[in-house]
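> Here it is, the structure in full.
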Amino acid sequence: MNFVSPDDAEGLFGKSFFGPADLERSFRRPGHSPAAPIPFDVQTLQEAAARGFLLIFRDPTVDGAPFVLERAVSSFPDLFDSRFLQQVGYQLKEEWGILLEPLARTEIPRPGWVLVQKQPLPGSLNRTYHEQTKLLRQWAQPWEARGLQVRRRLAVEIVYDCLLVFRSRGERLLERQWDWSASSTQDGGYLNVGGFTERGIQIFSYSAAVRHNALGVCPEICFAEGK
């Protein structure tokens, strides 16, 4: 494959390009290792840039430690809505908060370059989790025909992307909407992240049967393993 250089990719995406230098500025990680080559071909990048996708390089460690939700909250407390971090309750539990979930200390971003849709997929709002997944599979077909993989983000990846974009560009993703992640809680709910107003990022969990008109899925595209 003919890899696209970071400089050329940045030329295509402009302020929607987030490479290692942006990670260093946002997460205070001096002396970063060089990023892996961008695995997408020029046509894919051109199409994604025209559609308004973000091109993001993710590193699962920051300053030598895993980038987990618990650490993100402690590192950037002003960027999370403290009302919903612990013992706030939700549909399946009277007392619940993301910091009470084990995955807040174990789940890390999957490494590498990804293309991320900034807004929920059209038609994915006000649908159950499994209805969204069916819609996502249909939307993914043209991308998967190119040997690419389309998937939901993990909750920690949504947080990573929101923090990166805000600290790099001052832009709040998901200010009035939420992205329903692939991350499952201990009791079978699925985490959703969004509502990123001046009060900070909100993280909730809903059962798969829930639906509301601001909860959708922001798909990401990555290079399929083994291709």
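What follows draws every value from the coordinates through simple rules; no lab data is involved. Computed from a prediction, not measured in an experiment: that's the story for all the values here. Don't worry about glycine lacking a Cβ; one is built from the backbone with ideal geometry, like all the others, and counts go over all protein chains shown.
> List, in order, the whole-Hz ³J(HN,Hα) value for each residue of region 70-78 obtained from phi through the Karplus relation with A = 6.51, B = -1.76, C = 1.60 and θ = phi - 60°; use x for Gly and Pro.
After applying 6.51 cos²θ - 1.76 cosθ + 1.60, I find 4, 5, 4, 5, 5, 6, 10, x, 6 Hz.
> Okay, moving on. Calculate the dipole size of the chain relative to its Cα centre from +1 charges on Lys and Arg beta carbons and -1 charges on Asp and Glu beta carbons; express the result in debye to the nearest 20. Display every interim value, and only then the final one.
Details: 26 positive and 27 negative charges, 72 e Å.
So the magnitude is around 340 debye.
> Pick out, from Ser183, Gln138, Ile201, the residue whose Cα sits farthest towards the positive end of the charge dipole of region 6-223, with +1 on the Cβ of Lys and Arg and -1 on the Cβ of Asp and Glu.
The Cα lying farthest towards the positive end belongs to Gln138.
> Quick check: pseudo-label points 7 Å beyond the Cα along Cα→Cβ at Leu12 and Arg176, how many nm apart are they?
It is 3.1 nm.
> Could you list which residues have their amide H under 5 Å from that of Thr61, counting only those 5 or more apart in sequence or on another chain, with H placed in the peptide plane?
Amide H to amide H, under 5 Å and 5 or more residues apart or across chains, Thr61 pairs with Phe67.
> As I understand it, the dipole of the chain uses +1 on the Cβ of Lys and Arg and -1 on the Cβ of Asp and Glu, about the Cα centre. Which of Trp113, Leu154, Ala9 lies farthest toward its positive end?
Sorting the options by dipole projection puts first Leu154.
> Going by amide H atoms built from the backbone, whose H comes under 5 Å of the H on Phe80, apart from near neighbours?
So Phe80 has HN proximity to Ile201.
> Please state the charge dipole magnitude for region 121-168, taken about the Cα centre, from unit charges on C-beta atoms (+1 on K and R, -1 on D and E), reported in debye and rounded to the nearest 20.
Working: 8 positive and 4 negative charges, 12 e Å.
Dipole about the Cα centre, nearest 20: 60 debye.
> Tell me, how many Å apart are the Cα centres for region 181-208 and for region 126-151?
20 Å
> A further question follows. Full extension from Lys134 to Arg146: what is 0.36 nm times the residue separation minus their Cα-Cα distance, to one decimal in nm?
Working: separation 12, 0.36 × 12 = 4.32 nm, distance 1.97 nm.
Length gained, Lys134 through Arg146: 2.4 nm.
> Count charges around Thr128 for me, please; just the other residues with Cβ under 13 Å from its Cβ, Lys/Arg as +1, Asp/Glu as -1.
Details: positive: Arg127, Lys134, Arg211; negative: Glu131.
It works out to a net charge of +2.
> Continuing with the same structure: Find which of Phe67, Pro77, Phe18 sits farthest along the positive direction of the dipole of region 1-83, computed with +1 on the beta-carbon of Lys and Arg, -1 on that of Asp and Glu, about the Cα centre.
The Cα lying farthest towards the positive end belongs to Pro77.
> Once amide H atoms are placed 1.01 Å from N in the peptide plane, what residues at a sequence separation of 5 or more from Ser205, or on another chain, have their amide H within under 5 Å of its amide H?
Under 5 Å from the amide H of Ser205: Asn192.
> Here are a few candidate values for semi-axes √(5λ) of the Cα gyration tensor in Å: [x] 27, 22, 15; [y] 23, 22, 16; [z] 34, 19, 15. Which one was actually calculated from the structure I just gave you?
Evaluating semi-axes √(5λ) of the Cα gyration tensor in Å on these atoms matches [x].
> Right, another one. Add +1 for every Lys or Arg and -1 for every Asp or Glu among the other residues with Cβ under 14 Å from the Cβ of Val68, and state the total. All intermediate terms of the calculation are to be shown ahead of the outcome.
Details: positive: Arg58, Arg71, Arg105, Arg110; negative: Asp59, Asp63, Glu70, Glu101, Glu107, Glu157.
That works out to -2.
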